[in-house]
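The values are calculated or read from the model by the stated rules, or taken from the named source; none is laboratory data. Please read all numbers here as calculations on a predicted model, not as lab measurements. Please note: Cβ atoms are built from the backbone with ideal geometry, for glycine as well, and neighbour counts cover all protein chains shown.
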Amino acid sequence: MGPRRVCLILIAALGAGAARAEQPMRLAECVREALARNPRLGVARAGLSAAQAGRIAARAAYLPRLTVESSDSYYFVGQKESIYIEGQGVPYEREAYHDDLHGFGLYLSQTLFDGGVYWLQPRRADAELARSQLEMAATTEQLVLAVVESFHLLGRALHEERVLQASLDLSRAQLELARERHRLGDASKVDVSRARVSVGEDRIALERQRAALDQAREELNLAMGRMPDAPLEIAQPAGFEDESPPLPAGPARGPVRIEDHIVLQLQRAAERVAELDEEIAEAGWWPTVTGHISYSRQDPEFYKVYSRFDELFTLNFGLRIVYPLFEGFALEARIETARAQAERVRSQRALAEQDLGAQRIRAERQIERLQRIYGVEADNVTAAADSLTLAQERYAVGEGTALEIRDAQLAVTRARLARVQTRFDLLIATARLQYARGELADTYIEDGDSP
């Protein structure tokens, strides 16, 4: 395959990739990409892997330690002229000498008792693994909420831009009409000037909205694990582009067991880890008992050390008891730290339970309020549109003023923006209620998309 053909294939592939990137993304697709790319889940996965490795390491305390040692050294002994026997010096001449010394040994040791640490550590590792698994699930739930909220905020910004663009188009048309009427002598320069001001105001409002739109797109990109400036377009559900779509439905009410929420499960798991840490710290008051067996050999001749292992050896059995009498109050400090951490985790669980309950109540009340407002706003949009039509008709026959048209136009824009905001606020409130009830991930994660 020639270089030119390779280049053409690469260009085509890049073009196809860019085309796919510019395709509008549904909410489910955004959630799927976030689960695959967001670094927050990568951090949670790394924590889970570390907990799995820690579980294996903790069980190593059940097993004995076996080490092998080999040594080679050189020693020098100075000359000696006498020795002392019962305090009396006796002449004894010995020349200085030197020699090699080779050694080999096997050492086996086993912790017999350490205050219970060697059986508490595996239990703590199991609790930490369970906590890491729950943290992964809680991170997923929070990430889905962030994506859903960012998706709807971007949708709201897009719809608000369309409303403001329509208002600008209307202002431009009104400016052309004012100019034409002024040319015919049916309107004054004041009408033209006011129409130009209206166009300027709408252009400023539109540019500000586009800045907000760019920020909303950046937030969704970040939630999905992308760079903020990545190209992104979103697709709304069928019927959502209508001027008066059906009211988005909130989740059906049912019995809620807040204690089963993933966040509270995570807090209880963290509390269990903290309790075990406290028990491990308190085990420091007990002595450590270790048994050991060793087999060793030493000789100046290298071959004698590594041959005839049934001769010239030393076999040692021992029991070692260690009790810390004073460590500079380090043990007391460790125990107090563990107790304080356990109390902190218990307080965090109570706070999380209170927060979830408050989130659920606030979301339910907000949904009820928005559902009532939504119907009123529909009538308000219709009334504002009728008022604008009447003002335009009066102006066309010379009875109205440009100021009346501007006031009516602003009323229509405000009514439409308020309706857009209510629609998307209802979607966001619904997602928050689903999160508070622990139903969000099940709602938005499709089969096979779980991290």
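Overview of results
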read-out: Filter pass, Ala385 being on the phi < 0 side of the Ramachandran plot, over 21 Å from the mean Cα position of the chain (by Cα) and aliphatic (A, V, I, L, M); value: yes
read-out: Tyr395 vs. criteria of a type in the set (Phe, Trp, Tyr), under 30 Å from Ala178 (Cβ atoms), part of a helix (DSSP H, G or I) and at pLDDT below 90; value: yes
read-out: Residue pairs meeting the criteria (Cβ under 6 Å; at least 6 apart or on separate chains; first on the phi > 0 side of the Ramachandran plot, in region 225-240; second charged (D, E, K, R) and at pLDDT 90 or above); value: Gly225/Arg37
read-out: Qualifying residue in region 11-34 (condition: under 28 Å from the mean Cα position of the chain (by Cα), among the acidic types (Asp, Glu) and either over 18 Å from Thr140 (Cα atoms) or modelled with pLDDT under 90 (or both)); value: yes
read-out: Residue in region 402-411 that is over 24 Å from Ala157 (Cβ atoms) and either among the polar types (S, T, N, Q) or part of a loop (DSSP other than H, G, I, E, B) (or both) present; value: no
read-out: Test result for Gly375, at pLDDT below 85, surrounded by fewer than 19 Cβ atoms within 10 Å (Cβ to Cβ), touching a Lys or Arg at 6+ places or on another chain (Cβ under 8 Å) and not hydrophobic (A, V, I, L, M, F, W, C); value: no
read-out: Scan of region 119-170 for residues that are among the polar types (S, T, N, Q), under 30 Å from Leu410 (Cα atoms) and buried (at least 20 other Cβ atoms within 10 Å of the Cβ), ordered by number; value: Ser150, Ser167
read-out: Residues that are under 12 Å from Glu176 (Cβ atoms) and aliphatic (A, V, I, L, M), drawn from region 188-203; value: Val192, Ala195, Val199
read-out: Filter result for Gln142 (polar (S, T, N, Q) and modelled with pLDDT of 95 or more); value: no
read-out: Residue satisfying all of: in region 39-98; in a helix (DSSP H, G or I) and over 30 Å from Val144 (Cβ atoms); modelled with the lowest pLDDT among these; value: Ala61
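For (1) among the hydroxyl-bearing types (Ser, Thr, Tyr); (2) part of a loop (DSSP other than H, G, I, E, B); (3) surrounded by 15 or more Cβ atoms within 10 Å (Cβ to Cβ), each residue gets a yes or a no:
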| position | (1), (2), (3) |
| --- | --- |
| Ser307 | yes, yes, no |
| Asn316 | no, no, no |
| Glu327 | no, yes, no |
| Arg334 | no, no, yes |
| Arg339 | no, no, yes |
| Val345 | no, no, yes |
| Arg349 | no, no, yes |
